[in-house]
1. If all Cα-Cα distances of the range 127-225 are sorted into 5 Å bins from 0 onward, what percent lands in each bin, rounded to whole numbers?
2. Of the accessible area of the range 249-315, with the probe set at 1.4 angstrom, what percent is carbon plus sulfur?
3. Would you please put 14-20, 156-162 in order of how densely packed they are, using the mean number of other Cβ atoms within 10 angstrom per residue and starting with the highest?
4. Given only helices, namely DSSP H runs of n ≥ 4 each adding -39500 (n - 2.57), what is the per-residue ellipticity at 222 nm of the chain, to the nearest 500 deg cm²/dmol?
5. For log10 I(q)/I(0) by the Debye sum over Cα atoms at q = 0.11 Å⁻¹, which listed value, (1) -0.83; (2) -0.75; (3) -0.62, comes from the coordinates shown?
6. Please report the relative contact order for the chain, taking Cα pairs under 8 Å with a sequence separation of at least 6, and give it as a percent rounded to a whole number.
7. Can you tell me which of 128-140, 38-50, 186-198, 54-66 comes out highest on packing, and rank the rest after it, using the mean Cβ neighbours within 10 Å?
8. For the range 44-200, what is the relative contact order in percent, using Cα pairs closer than 8 Å and at least 6 residues apart in sequence?
Amino acid sequence: MLPTVQAPSSVSCRLFAALWRQQARTTPCPDTPRLDGALALVTGGNAGIGLETSLGLARRGAEVILCARREAEGEAAVAQLETQTGRQAFFVRLDLGDLPAVTTAVREVARRLPGRPVTHLVANAGLWPREYRTSPQGHELAFATNVLGHHLLLRGLSDVGALATRARVVIVTGDIYVTVRDASEDFTFTGATGGQTAYCRSKLANAWQAFELARREPTLEVVLVHPGVVASGLGGSAGAAVDWAKRQMLIDTVTGAQTSLWAATQPVTSGAYLHNTLGLVSLPEGDPALQRGKAAACFDRIEALVAPYRPRSER
C-alpha cells in the first residue's frame, strides 16, 4: 500500500515536493492483480504516459481501447501494443475538444464492443494551450478538452450502457493546480503565461470533478492522480537551455505512467488522491481542491454544458 502523506500547505513547498528527486521517489506499480477479462479505455493512449499506461494495463491482461485525435498515430500505437503484449487493442478516434465528436466516439465504442462495458477508464489526455483558443462550442480550449470532453465521455458511455457499474475511473490532474483558486469554461487570457494559467485552472476543475463524482456516484470507483512532472512535451518548447534544465528534473514516460497504473489496478478508496512522489495524499486545510462550494457549482456547470450532447438526450 502507498503511505498516506499530508501535502505541504504552502504553494512553493508543494511544487518543490512534486519535483525533488521524483524519478527516485515514484513508486513502481505492482504487476498484480491481473486484469484478464477487463476492458480499459485510455484517452491520449497513443503517446507519452497514455501509451505507457495502455501498455501497462495490457501487460496485466486487459484489452485496451486507445482514444486519440490522430488516427495514424493511434493505429500505430495499437499495433505496438498488440506486438509487445499479445493482447487485443482497439483504436477509436476521439477529439475531446469538440463535444459532438465525443458523442460520436461514445457510439463507436458501443458499436465496436457490444455488450462489453468499459471496466477501467483513464482520463489521461491533457492540453496545455500555447495561445488563447476556443472549442467549436465556444469554450476555452484547455477546459473544453481536459474537463468537458472527459465528462461527456464518462456520462455518454454510461448512457449507452458501455460503462461497467463498478468501473474504476482515473482522472489525471497536475499538482500545479495549487497555483490557482478558480476554474471555468469562459476564462480568457493573453501573453506567454496565460496558457499555463488556463491549464492549471482546468486541472483544478479535474480535481473538483473527481471529488464530486466520487461523492455523487457511489457505484463508481474514482481516483484522482498526479502522475508527476513528465518529459512529454506538454506546454511546448521554452528554448534549448530551459528545455535542458527541464529534462534534468522531469521523469520519463514509463515512470510517469506508474501512478495512473496504480490508481487503475490497486485497491484504492474512491475519492482518493494519488501523487507520484507523496503517495496517498491528504490535502491541507485551504487547498483549492477542497473548496466544496466551488467544486459543487463547477460540477453542476459541467453537467449542464455537456447535457445537450449526451446520447440519451436524442432518445
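1. 2, 14, 23, 23, 16, 12, 7, 3, 1
2. 54
3. Going by the mean number of other Cβ atoms within 10 Å, highest first, we get 156-162, 14-20.
4. Numbers: 11 runs with 124 residues, N = 315.
Helix contribution divided over all residues of the chain: -12000 deg cm²/dmol.
5. (3)
6. Taking the mean separation of contacting Cα pairs over the length of the chain, I get 24 percent.
7. Most protected by this proxy first, the peptides run 38-50, 54-66, 128-140, 186-198.
8. Reported relative contact order: 22 percent.
The values are calculated or read from the model by the stated rules, or taken from the named source; none is laboratory data. Predicted, not measured: the structure shown is a model, and the values here were computed from it. Don't worry about glycine lacking a Cβ; one is built from the backbone with ideal geometry, like all the others, and counts go over all protein chains shown. Please note that ligands, DNA and RNA were not included when accessible areas were found on the heavy atoms of the full protein model with its side chains. Shrake-Rupley method; radii C 1.70, N 1.55, O 1.52, S 1.80 Å.
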